[in-house]
Amino acid sequence: MAVMIEEELAPHVRRCVELATEALEAGDQPFGSVLVNAEGVAVAEDRNRIADGDSTRHPEFALARWAAENLPPDERRTATVVTSGEHCPMCSAAHAWVGLGRIVYVHSSAQLAGWLTEWGVPLPPVRTLSINEVAPDVPTSGPVEELVSTMRELHRRCFAPGE
Ligand SMILES: [Zn+2]
């Protein structure tokens, strides 16, 4: 179900879209994520970095590793990960293993899979699952309806530039 995003998270949501745009323009895939602490402050951010050949370099995975190295468990639990695209199974697992809190995503994994299918692009080698199919206790919110079309266009430029 689509959600209205709380005012304090809105700038972080917009930042994720900016990071996704940066990634696309650098030759990576359009995904960006921000780790927000309990006070609403962005403490880390990253974007997709798979162009060099390591397809595990998703921003959500990088933020989970960063949190494990830099935040005590209680601060991980109260942190929110805001992200342009819903976590893949690898990143959902990493998020849950390090004990991070809520996830807010702009578009869902199912939406991305639908777009790829529509464009005739092969699906990724990892099954499309929602965050909660992998990590049932993580609170999630999304999609953020007003930014879904912006993200769809970034993915079209990446995966189906001729469409
Ligand atoms: Zn991932």
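The values are calculated or read from the model by the stated rules, or taken from the named source; none is laboratory data. Computed from a prediction, not measured in an experiment: that's the story for all the values here. Positions of Cβ are generated from backbone atoms using ideal geometry, with glycine treated the same way; all protein chains shown enter the neighbour counts. Ligands, DNA and RNA are stripped out before the accessible areas are found, and what is left, the full protein with its side chains, is counted by its heavy atoms. Shrake-Rupley method; radii C 1.70, N 1.55, O 1.52, S 1.80 Å.
Could you please let me know if residue 65 is without any contact (Cβ under 8 Å) to a residue 60 or more places away in the chain and either among the hydroxyl-bearing types (Ser, Thr, Tyr) or closer than 19 Å to residue 6 by Cβ (or both)? In short, no. A count restricted to segment 87-103 and to residues that are more than 9 Å from the ligand (Cβ to nearest atom) and buried (at least 22 other Cβ atoms within 10 Å of the Cβ) stands at 3. For residue 64, state whether it is touching a Phe, Trp or Tyr at 6+ places or on another chain (Cβ under 6 Å) and under 17 Å from residue 82 (Cα atoms). Spelling it out, it is not the case that residue 64 is touching a Phe, Trp or Tyr at 6+ places or on another chain (Cβ under 6 Å) and under 17 Å from residue 82 (Cα atoms).
Return the residues of segment 4-13 that are in contact with a helix residue (DSSP H, G or I) (Cβ under 8 Å, 6 or more places away or on another chain) and modelled with pLDDT of 95 or more; say none if nothing qualifies.
13, the sole residue that qualifies.
Quick check, is residue 73 touching a Gly at 6+ places or on another chain (Cβ under 7 Å) and open to solvent by 70 Å² or more (accessible area, probe 1.4 Å)?
Spelling it out, residue 73 is indeed touching a Gly at 6+ places or on another chain (Cβ under 7 Å) and open to solvent by 70 Å² or more (accessible area, probe 1.4 Å).
Scanning segment 134-151 for residues that are farther than 27 Å from residue 51 by Cβ, outside any loop (DSSP other than H, G, I, E, B), in contact (Cβ under 8 Å) with a residue 40 or more places away in the chain and not hydroxyl-bearing (Ser, Thr, Tyr) yields one hit, 145. So, in segment 53-75, of the ones that are more than 10 Å from the ligand (Cβ to nearest atom) and hydrophobic (A, V, I, L, M, F, W, C), which residue ends up nearest to residue 92 (Cα to Cα)? So, considering only residues that are more than 10 Å from the ligand (Cβ to nearest atom) and hydrophobic (A, V, I, L, M, F, W, C), the one nearest to residue 92 (Cα to Cα) is 63.
So which residues in segment 104-129 are under 12 Å from the mean Cα position of the chain (by Cα) and open to solvent by 10 Å² or more (accessible area, probe 1.4 Å), if there are any at all? 105, 108, 109, 112 - these are the residues of segment 104-129 that are under 12 Å from the mean Cα position of the chain (by Cα) and open to solvent by 10 Å² or more (accessible area, probe 1.4 Å).
If you filter segment 33-52 down to residues that are more than 16 Å from the ligand (Cβ to nearest atom), small (Gly, Ala, Ser) and more than 16 Å from the chain's Cα centre (by Cα), you find that the one that is nearest to residue 147 (Cα to Cα) is 40. When residue 154 is tested against (1) touching a residue at least 40 places away in the same chain (Cβ under 8 Å); (2) within 20 Å of residue 9 (Cα to Cα), just one condition goes unmet, and that condition is (2).
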